[in-house]
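The values are calculated or read from the model by the stated rules, or taken from the named source; none is laboratory data. These numbers were taken from a predicted model, which means no experiment stands behind them. Because the Cβ atoms are built from the backbone with ideal geometry, glycine has one as well, and the counts that use them run over all protein chains shown. Just the protein is used for accessible areas: all its heavy atoms, side chains included, with ligands, DNA and RNA removed. Shrake-Rupley method; radii C 1.70, N 1.55, O 1.52, S 1.80 Å.
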Amino acid sequence: MNYLVLHHVSVLVVAFCFAYYLVPFFTQAAFRFGVMDVPDGSIKNHKAPVPYMGGIAIYLAFLGTIGLLYPIEERIMWLLVGSTMLLFVGFIDDLKRIKPSRKLIGQFLGIACLLHGGFMIKQTFFTSIMNIFLSGFWMLSLINAVNLIDVMDGLAATVAIIAAAGFCMVALVAGQYGVSLLLLAFIGAMLGFLWYNKPPAKIYMGDAGALFVGGFLAAVPLLIKWSALRPDACYIVLIIPAIPLVEVFCLVLIRTWKKIPFYRGSPHHFSIYLQNKGWSCGRVLAFSSLMGLYLVASSMAFLMHVINIPGLVVLGAVFWIGWYAAVFSSLYVQPGSKQALVFAAAQRLPDQSSIKHKEQSQSGDAL
């Protein structure tokens, strides 16, 4: 047991140290090679160009930790192949904006690698084809959901860390220590990156990081033997990462209602709504963290049989009420304020960037 605890702590610390060391290196590399998110004076309002290569640092920190402290098996090799493909597609988009269709094809290739490695839903009441389809749809959804929330300093990293911590707790309860070690390597790398990504951000993860992070969070929970915990434990897979899933659901609804193609950028992200109401970045991060922790606590209460399905539904309803009250109720932007000008500009140009580095003019943010 002492060795097991030491192994877990070592993985977390080593991954953090790797990322903490690598991020400044890639910050300098991004400045040198011009891989930057440049403010345009109208919509992208950060004060100076910010490097885009944080995702590469996260990936290499995770990879180095796995190589040193984790037994590599065939399934993990396919996880690395699939996540590397997603990282590569995102990095190409960071360097040179690619069409949504081409970006989608790249995502499908990465997902195909993960499916080939056995990262899929295995429900006996579904056919094999249906399991593959649902698994692919799940991965595609979460990959792009993480990409969508990466519109504010520290937001995507914070949400991803909390979700990964929730899945890690489940893996520990299930006694699947191989899965918990994978998740701790990821958490350590993300914490090292967040040190530099917290407001005001010195570096962004870019599409490379967002696609890698989303792919990892979508794939690794599929390694957990949910049915061994309780017959209906699979609901937890949807609950723990609910923040990015709610974000993509609301964005599709709002953009459809406003007749904006769902893959085009628009200012209708929850973090932008909150900032338009006068919230600081720190307050938005605190709100997101509390909601994420609430989801993890609800999931663990369900897993440990503290509550049943009706109780989980009640807690879900409380989450939705709190989310709506904070994000959508009494949305008011003071006329003539900076937020009002930004929001109005984005409304006039729905197919261009909304406020920060992830809403791109031609590639869209949903793909």
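What's the carbon and sulfur percent of the range 63-159's accessible surface, probe 1.4 angstrom, rounded to a whole number? Before the final figure, lay out the partial values.
Details: 3270 of 4480 Å².
For the range 63-159, the apolar C and S fraction of the accessible surface comes to 73 percent.
List the residues, sorted by chain then number, that are 5 or more residues from D37 or on another chain and whose placed amide H is less than 5 Å from its amide H. Under 5 Å from the amide H of D37: V50, Y52. Rounded to the nearest 20 debye, the dipole size of the range 90-235 about its Cα centre is 180 debye, using +1 on the Cβ of Lys and Arg and -1 on the Cβ of Asp and Glu. For the chain, modelled as a GNM whose springs connect Cα atoms under 10 angstrom apart, the maximal fluctuation among V38, V306, V246 occurs at V306. Highest mean first, the peptides 288-298, 159-169 sorted by other C-beta atoms within 10 Å per residue fall in the order 159-169, 288-298. Accessible surface of M190, taken over heavy atoms with a 1.4 Å probe and every protein chain present, rounds to 0 Å².
Membrane-span-like helices in the chain, defined here as complete DSSP H runs extending at least 18 Å along the helix axis by their C-alpha atoms with mean Kyte-Doolittle hydropathy no lower than 1.0, are 2-33, 54-69, 74-95, 128-149, 155-174, 177-197, 206-219, 242-257, 281-303, 309-327; this is a sequence and geometry rule, not a statement about a membrane. Rounded to the nearest 500, the helix-only mean residue ellipticity at 222 nm of the chain stands at -22500 deg cm²/dmol, with each DSSP H run of n ≥ 4 adding -39,500 (n - 2.57).
What is the calculated FRET efficiency for A48 to L290, with r their C-beta to C-beta distance and R₀ = 35 Å, to the nearest 0.05?
Numbers: r = 31 Å, r/R0 = 0.88.
E between A48 and L290, to the nearest 0.05, is 0.70.
Put a plus charge on the Cβ of each Lys and Arg, a minus charge on the Cβ of each Asp and Glu, and nothing anywhere else: the dipole of the chain about its Cα centre is then about 700 debye.
Work out the length of the dipole vector of the range 47-114 about its Cα centre, built from +1 on the beta-carbon of each Lys and Arg and -1 on the beta-carbon of each Asp and Glu, and round it to the nearest 20 debye.
Magnitude of the dipole: close to 440 debye.
Once a ≥ b ≥ c are taken as the square roots of the eigenvalues of the Cα gyration tensor of the range 156-230, is the result rounded (a/c under 1.5), prolate (a/b larger than b/c) or oblate (a/b not larger than b/c)? Verdict is prolate for the range 156-230.
Once a ≥ b ≥ c are taken as the square roots of the eigenvalues of the Cα gyration tensor of the range 173-273, is the result rounded (a/c under 1.5), prolate (a/b larger than b/c) or oblate (a/b not larger than b/c)? Oblate, because a/c is 1.5 or more while a/b does not exceed b/c.
Classify the range 135-187 as rounded, prolate or oblate, taking a ≥ b ≥ c as the square roots of the eigenvalues of its Cα gyration tensor: rounded when a/c is under 1.5, otherwise prolate if a/b is larger than b/c and oblate if not. Here the range 135-187 falls in the oblate category. Ranking of L86, L191 by solvent-accessible surface, largest first: L191, L86 (1.4 Å probe, protein heavy atoms only, all chains present).
Against the criterion of solvent-accessible heavy-atom surface with a 1.4 angstrom probe, E247, E73 sort, most first, into E73, E247. Farthest towards the positive end of the charge dipole of the chain, among the residues I260, L79, V11, is the Cα of I260, using unit charges on the Cβ of Lys, Arg, Asp and Glu.
From the coordinates of this entry, Cα Rg over 2.2 N^0.38 Å is computed, and it appears in [x] 0.95; [y] 1.02; [z] 0.91 under the label [x]. Taking all protein chains together and rolling a 1.4 Å probe, W323 ends up with roughly 0 Å² accessible. Using a probe of 1.4 Å on the protein chains alone, the accessible area found for T127 is around 90 Å². At full extension, H116 and T84 could sit 10.1 nm farther apart than now, given 0.36 nm per residue minus the alpha carbon distance.
Let me check something: with ligands and nucleic acids excluded, how do F91, F302 order by accessible area (1.4 Å probe), largest to smallest?
Details: F91 50, F302 0 Å².
Most to least solvent-accessible, the answer reads F91, F302.
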